[in-house]
Amino acid sequence: METSPTSSEPARPLVRVQDLRKVYRFYASPLARVRELVAGRGARYHREHTALEGISFELGRGEALGLLGLNGSGKSTLLRILSGVTRPTSGSCEVAGRVSTLLDLAAGFNLDLSGHQNLDLAAMLLGLGSDALERLRPRIVEFSGLGEAMDDPVRTYSSGMVMRLGFALAVHVPFDLLLIDEVLLVGDEVFQRQSLRRIRELLSEGKSIVLASHSLGDLTAVCTKLLLLERGRPALAGPTGEVIQRYLESAERQARRITEGDRLLQGTSVPQETLGKLRIAGVDLLDGAGRPAEEFASGGPVRVRIRFRAEEPVEEPIFRVQIFRNDGLWLAGTNTARGELALGRVEGEGAVTLEYTQLNLLDGDYFLSVGAWPDEYPSYLARRPFDLHDRAYVLRVRSGRPEGGGIVFSPHTWRIEN
Amino acid sequence: MKALLAEVWQRRALVGSLWKGDVLGRYANSAAGLLWAVFAPMGLIGVYVLLFSALLPSKVVGAGAVAGGFGFFVFAGMIPWLVVAGAAQNAPGCLLAHGATLRRFAIPPSVVPAAVVLSALTDAVVAGMLFGMALGASGRLAPLKLLALAPLAVLLVAMVYGLSLAVSALNLYGRDVAHAVSAALPFWFFATPVCYPAEALPAGLGWALALNPMDGFVQAARWALLGSPAPGAGALAWSAAASLAALAAGAWVFQETRGDFADLL
């Protein structure tokens with residue numbers, strides 16, 4: 001990668017990536033490599049994996065780019081190329097400035113050395129002079145909140161402490177571009193907020209950030225632009241709001257079995273073993289009048305109609321509906337047994353409907369899991385459902401300012417006491 | 001080669017820090033510390049002295065008769081060899097050992113074998129100082145001759161660095177390289193007149209000695225430390241040429257392959 005000194009031209013972007021491609025070669029053994037070398041051009045003794053292809057983008061100062069995609073979609077490879085550690089197979093990647101990285105939790109610390117000694121070591125590896133380090137040291141220590149523990153070997157730290165030190169170091173050394181892989185939402189709530197504040201501060205100082213994550217929420221909190229990667233190729237790119245909208249829309253077109261979960265887990269989800277005798281044929285989200293709806297208002301009714309088909313007679317099946325936030329937090333759940341709805345013997349086609357008389361969720365997209373089970377409390381390892389559509393449906397909830405903020409809608413009134 | 005040497009020079013503080021970490025790391029938690037750099041080769045020297053003077057005395061020891069006896073003769077020759085031996089042990093795996101660092105920081109990987117060679121040189125220098133103390137106590141040290149060793153030490157380091165660059169890079173492609181190096185090392189050792197005098201070698205094997213660049217270094221060390229006959233100009237020129245060639249070749253291999261390192265680590 002070419003790294004040239006900071007240019008004074010305002011027009012020049014900090015990062016310019018053009019038609020980047022990265023191919024990994026796998027050889028069955030070192031001997032295969034020798035054979036290929038000896039056999040000359042044309043002979044192939046390796047298998048190729050294209051980790052990235054057709055990646056182009058520019059990033060200006062003060063901008064934050066979010067990389068969104070599954071494990072193995074090429075996010076980390078792209079970060080490593082931007083960091084200058086890995087070279088692209090073809091295409092170019094120019095970063096006109098210094099790079100700071102936060103690519104793994106351990107952050108390259110030597111476990112036997114103390115926190116302070118690790119700062120010395122990192123400064124050396126980053127090419128930072130000892131004067132510069134001494135100026136930064138108090139701020140790094142304060143940000144990390146490690147205090148006295150800085151004199152203890154890193155071996156004795158909790159993983160949260162290691163992460164805090166790594167983060168504190170990465171955001172305080174001089175840089176133009178900060179690369180972060182996944183780690184933003186690790187650590188406790190206080191540190192997360194502190195980290196987010198520091199990141200916003202850095203952006204306003206004109207630093208640029210590339211952040212890779214699975215989590216939409218994480219990315220939207222920080223990023224001005226998003227790049228969605230699918231198997232190493234750019235699937236969607238643009239300003240954050242636009243990409244998220246297109247992302248969700250294109251997801252919805254997939255026959256309503258959509259969702260982030262479905263799309264993100266495409267091709268990688270663990271095959272769900274089901275008993276099969278009872279299939280969920282379809283799930284409809286309906287309004288209070290029984291009409292299909294795209295959006296639902298907080299406080300209003302929602303009906304979830306589960307259409308099923310029993311291939312053979314099934315005794316007393318149980319239907320369950322669960323609601324999750326996109327980060328996996330389970331918000332609500334119920335089933336037909338709890339609702340004291342006995343289905344008896346089920347055969348052929350049929351439907352059950354769950355009606356929420358009042359939807360107590362605030363603005364946002366939530367994910368529904370719908371399952372048909374033989375028992376109410378199956379152990380997840382030992383028992384299998386008849387069928388399960390895990391986080392497969394999006395429940396889009398809309399609310400306004402009067403309903404309040406957060407995720408839970410609590411009907412309320414304000415009044416003045418005399 | 002120029003670009004490689006320039007980047008190592010630019011990050012010399014980093015080389016120093018890696019070197020310090022390596023030396024301290026090796027002798028940390030040991031009571032004798034750096035003295036092990038001396039004790040270990042002393043043991044070897046003891047074995048050779050015993051072997052050659054007690055079991056095969058006639059030919060070998062007579063020809064190697066120098067001030068201070070056969071022990072000093074072997075010790076003096078061992079000092080330059082320690083640079084080769086130390087690097088041979090640590091260079092093949094050095095990039096792998098620092099893999100986590102190389103994956104994370106965009107540092108020039110060439111600094112890692114540089115630190116390995118510096119550590120090996122440290123062992124040789126410590127052994128040399130001990131040798132000097134022993135010799136100085138008996139009043140036989142010639143300080144001016146020692147100065148003449150400095151350029152030879154630079155050439156020796158250049159050669160060992162070149163070889164270290166090559167084996168550290170190639171070992172990433174197949175770990176066979178590390179094994180091959182340990183297998184080949186004894187051959188090189190016994191082809192170098194460290195534990196026997198060159199004259200003891202059968203006449204038919206003279207060519208092997210003439211091709212071995214270590215011969216010039218070992219002879220020069222004995223000349224400076226023990227007052228043995230000076231090595232011939234031809235031998236020295238060959239050592240110098242071979243050293244520079246080794247450095248150039250090693251640097252070439254390293255530069256050709258470094259693009260793959262991140263994927264191989």
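A:Arg303 passes all but one of (1) in the same structural domain as A:Asp284 (by TED's automatic domain parsing); (2) surrounded by fewer than 17 Cβ atoms within 10 Å (Cβ to Cβ); (3) basic (Lys, Arg); which number fails?
Failed condition: (2).
Can you tell me which condition B:Asp176 does not meet? The list is (1) farther than 18 Å from B:Ser243 by Cβ; (2) surrounded by fewer than 21 Cβ atoms within 10 Å (Cβ to Cβ); (3) away from chain A (no Cβ under 14 Å), and all the others hold.
Result: B:Asp176 passes all but (3).
When you scan region A:384-399, do you find a residue that is in a loop (DSSP other than H, G, I, E, B), modelled with pLDDT under 85 and among the hydroxyl-bearing types (Ser, Thr, Tyr), even just one?
No, every residue in region A:384-399 fails to be in a loop (DSSP other than H, G, I, E, B), modelled with pLDDT under 85 and among the hydroxyl-bearing types (Ser, Thr, Tyr).
Tell me whether region A:126-133 contains one or more residues that are within 14 Å of chain B (Cβ to nearest Cβ), on the phi < 0 side of the Ramachandran plot and within 30 Å of the chain's Cα centre (by Cα).
Restricting attention to region A:126-133, the residues satisfying the condition of being within 14 Å of chain B (Cβ to nearest Cβ) are A:126-133.
Remaining after also requiring on the phi < 0 side of the Ramachandran plot: A:126, A:128-133.
With the extra rule that they be within 30 Å of the chain's Cα centre (by Cα), the set shrinks to A:126.
There is at least one residue in region A:126-133 that is within 14 Å of chain B (Cβ to nearest Cβ), on the phi < 0 side of the Ramachandran plot and within 30 Å of the chain's Cα centre (by Cα).
Take the residues of region A:1-27 that are of a type in the set (A, V, I, L, M) and modelled with pLDDT under 80: which is surrounded by the most Cβ atoms within 10 Å (Cβ to Cβ)?
Applying the filter and picking the extreme gives A:Met1.
So which residues in region B:28-45 are surrounded by 13 or more Cβ atoms within 10 Å (Cβ to Cβ) and either over 19 Å from the mean Cα position of the chain (by Cα) or within 14 Å of another protein chain (Cβ to nearest Cβ) (or both)?
B:Gly33
Is it the case that some residue within region B:72-94 is surrounded by fewer than 22 Cβ atoms within 10 Å (Cβ to Cβ), modelled with pLDDT under 85 and assigned to a loop (DSSP other than H, G, I, E, B)?
no
Restricted to region A:66-109, and to residues that are more than 20 Å from the chain's Cα centre (by Cα) and among the charged types (D, E, K, R), which residue is farthest from the other protein chains (Cβ to nearest Cβ)?
Here the answer is A:Glu94.
Which fully enclosed helices (runs of 4 or more DSSP H) of region B:136-237 have 3 or more residues being among the small types (Gly, Ala, Ser) and more than 16 Å from the chain's Cα centre (by Cα)? Working first, answer last.
Working: elements: B:143-173, B:176-190, B:206-211, B:213-226.
Output list reads B:176-190, B:206-211.
Restricting to region B:85-123, give me the number of residues that are within 12 Å of chain A (Cβ to nearest Cβ) and not basic (Lys, Arg). Quick ask: steps written out before the conclusion?
At the first step, the residues of region B:85-123 found to be within 12 Å of chain A (Cβ to nearest Cβ) are B:98-109, B:111-112, B:115.
Now narrow it down to the ones that are not basic (Lys, Arg): B:98-102, B:105-109, B:111-112, B:115.
Adding up the residues that qualify gives 13.
Please go through region B:1-20 and give me each residue that is under 21 Å from the mean Cα position of the chain (by Cα), within 19 Å of B:Ala97 (Cα to Cα) and among the hydrophobic types (A, V, I, L, M, F, W, C), ordered by number.
Answer for region B:1-20, where residues must be under 21 Å from the mean Cα position of the chain (by Cα), within 19 Å of B:Ala97 (Cα to Cα) and among the hydrophobic types (A, V, I, L, M, F, W, C): B:Val8, B:Val15, B:Leu18, B:Trp19.
Considering only region B:116-138, I want to know if a residue exists there that is more than 22 Å from B:Leu44 (Cβ to Cβ), at pLDDT 90 or above and of a type in the set (Gly, Ala, Ser).
no
Using the structure shown, decide if A:Leu70 is among the aliphatic types (A, V, I, L, M), surrounded by fewer than 22 Cβ atoms within 10 Å (Cβ to Cβ) and within 17 Å of A:Leu211 (Cα to Cα).
Details: among the aliphatic types (A, V, I, L, M): yes; surrounded by fewer than 22 Cβ atoms within 10 Å (Cβ to Cβ): yes; within 17 Å of A:Leu211 (Cα to Cα): yes.
For A:Leu70, the condition - among the aliphatic types (A, V, I, L, M), surrounded by fewer than 22 Cβ atoms within 10 Å (Cβ to Cβ) and within 17 Å of A:Leu211 (Cα to Cα) - is met.
Tell me whether region B:170-186 contains one or more residues that are touching a strand residue (DSSP E or B) at 6+ places or on another chain (Cβ under 9 Å) and aromatic (Phe, Trp, Tyr).
Step one: of region B:170-186, the residues touching a strand residue (DSSP E or B) at 6+ places or on another chain (Cβ under 9 Å) are B:173.
If we keep only those that are aromatic (Phe, Trp, Tyr) as well, we get B:173.
For region B:170-186, residues touching a strand residue (DSSP E or B) at 6+ places or on another chain (Cβ under 9 Å) and aromatic (Phe, Trp, Tyr): present.
Residue by residue through region A:27-67, note down the ones that are farther than 23 Å from A:Ser92 by Cα and assigned to a strand (DSSP E or B).
Step one: of region A:27-67, the residues farther than 23 Å from A:Ser92 by Cα are A:27-47.
Those that are farther than 23 Å from A:Ser92 by Cα and assigned to a strand (DSSP E or B): A:Tyr27, A:His46, A:Arg47.
Going by what's in this entry, would A:Leu52 be described as within 14 Å of chain B (Cβ to nearest Cβ), under 18 Å from A:Thr224 (Cβ atoms), at pLDDT 90 or above and crowded, with 22+ Cβ neighbours inside 10 Å?
For A:Leu52, the condition - within 14 Å of chain B (Cβ to nearest Cβ), under 18 Å from A:Thr224 (Cβ atoms), at pLDDT 90 or above and crowded, with 22+ Cβ neighbours inside 10 Å - is not met.
Among the residues of region A:197-218, what is the count of those that are assigned to a helix (DSSP H, G or I) and either outside the structural domain of A:Leu78 (by TED's automatic domain parsing) or closer than 9 Å to A:Leu68 by Cβ (or both)? Give the derivation first.
Looking only at region A:197-218, we keep the residues that are assigned to a helix (DSSP H, G or I), and these are A:197-204, A:216-218.
The next check asks that each one be either outside the structural domain of A:Leu78 (by TED's automatic domain parsing) or closer than 9 Å to A:Leu68 by Cβ (or both); those that pass are A:216.
Adding up the residues that qualify gives 1.
The values are calculated or read from the model by the stated rules, or taken from the named source; none is laboratory data. Not measured: the values here are computed from a predicted model. Using ideal geometry, Cβ is built from the backbone for each residue, glycine included, and neighbour counts are taken over all protein chains shown.
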